[in-house]
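Worksheet: one structure, shown below.
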Amino acid sequence: MAEITAALVKELREKTGGGMVNCKKALTESNGDFDKAIDYLRKKGLDDAAKKSSRIAADGLITVCKSDDSKTAVILEINSETDFVAKTDDFIELCNDLANLILTKKPVDIDSLNKLPFDKYNSTVEAVVSEKVGIIGENIILRRFSILESTDGIVEGYIHMGGKMGAIVEMENVTIADAQIIKDIALHICAMNPLCVSPDELDQDLLKHEEEIYIAKAKESGKPDNIIPKIVEGQIKKFTEESCLLSQNFVKDPDITIKDFLGDKKVIRFTRLMLGDGIERPKEDFAEEVKKQAGL
């Protein structure tokens, strides 16, 4: 039996993304054989995936990819439980492989994606993810994705903060040579989070809701009824300017708006994703986590 050193456990953990306790157990059960330990984690994963499926996964990666002709782009969010796992080569490879599979096969939703054959792994997407759950030792969720396809324009994407957020954009009146301009727009969208491209696309129910809030606040502050409509009109105008891409100040040059920056170039649509947005994260208890890892 090969000696099971801390360095060997660390190497297996970095290779697979598995938990420290699981990696040590895998090496013990495999008599220190590194390859057999990987197989052990894989086989164990087929049994453990269902147990881990209820655990909250709010970390992970946002991944972007596009076709060689810049006509199709994909943005994908895959969640893990910890940032540690999200940074492992195995998890990053899985994210990239899935994004490229979506780019090629264009599934309509997550259910369709899960049923796709994953030729690289000789299995289905769903089975591969279940296997990875066991190897890594954490829940993995294929949360959401978006595909932009352009007939007359160009698509481009941008990833921010190492995969914490990203955006894909479709533009017209542009060429491949304008890729940096489109990427700058995607960067701006990540930073400024516009709700839509132009004012006519704003949700009218949202505007009505904002108007009701502004009216209530004006009355609460004691403003006279006859001037409240004018106050609210100004606030709605400001909300619209701040919410729509074209009227926002360009993040790389705040002295101009996006509309000014674009000139005759046209943004058609975009998708922006922020990692874990809307997922309620559990409160962390470090002491309890240490006890759990130690089997206490």
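Filtered by the rule that a residue be assigned to a strand (DSSP E or B) and either touching a Phe, Trp or Tyr at 6+ places or on another chain (Cβ under 7 Å) or exposed (fewer than 15 other Cβ atoms within 10 Å of the Cβ) (or both), the stretch 230-265 gives F250, D253, P254, D255, I256, T257.
Is at least one residue of the stretch 274-294 modelled with pLDDT of 95 or more and in a helix (DSSP H, G or I)? Checked against the condition, which is being modelled with pLDDT of 95 or more and in a helix (DSSP H, G or I), the stretch 274-294 yields no hits at all. The single condition among (1) within 18 Å of I168 (Cα to Cα); (2) modelled with pLDDT under 90; (3) among the hydrophobic types (A, V, I, L, M, F, W, C) that I78 does not satisfy is (2).
Considering every residue within the stretch 206-227, establish whether at least one is of a type in the set (S, T, Y) and under 30 Å from I154 (Cβ atoms). Within the stretch 206-227, none of the residues are of a type in the set (S, T, Y) and under 30 Å from I154 (Cβ atoms).
Search the stretch 114-136 for residues being of a type in the set (A, V, I, L, M) and within 30 Å of R269 (Cα to Cα), and hand back the single one that is surrounded by the fewest Cβ atoms within 10 Å (Cβ to Cβ).
This residue is L116.
The values are calculated or read from the model by the stated rules, or taken from the named source; none is laboratory data. Quantities reported herein were computed from a predicted structural model and do not represent experimental measurements. Every residue, glycine as well, gets a Cβ built from its backbone with ideal geometry; the counts of neighbours run over all protein chains shown.
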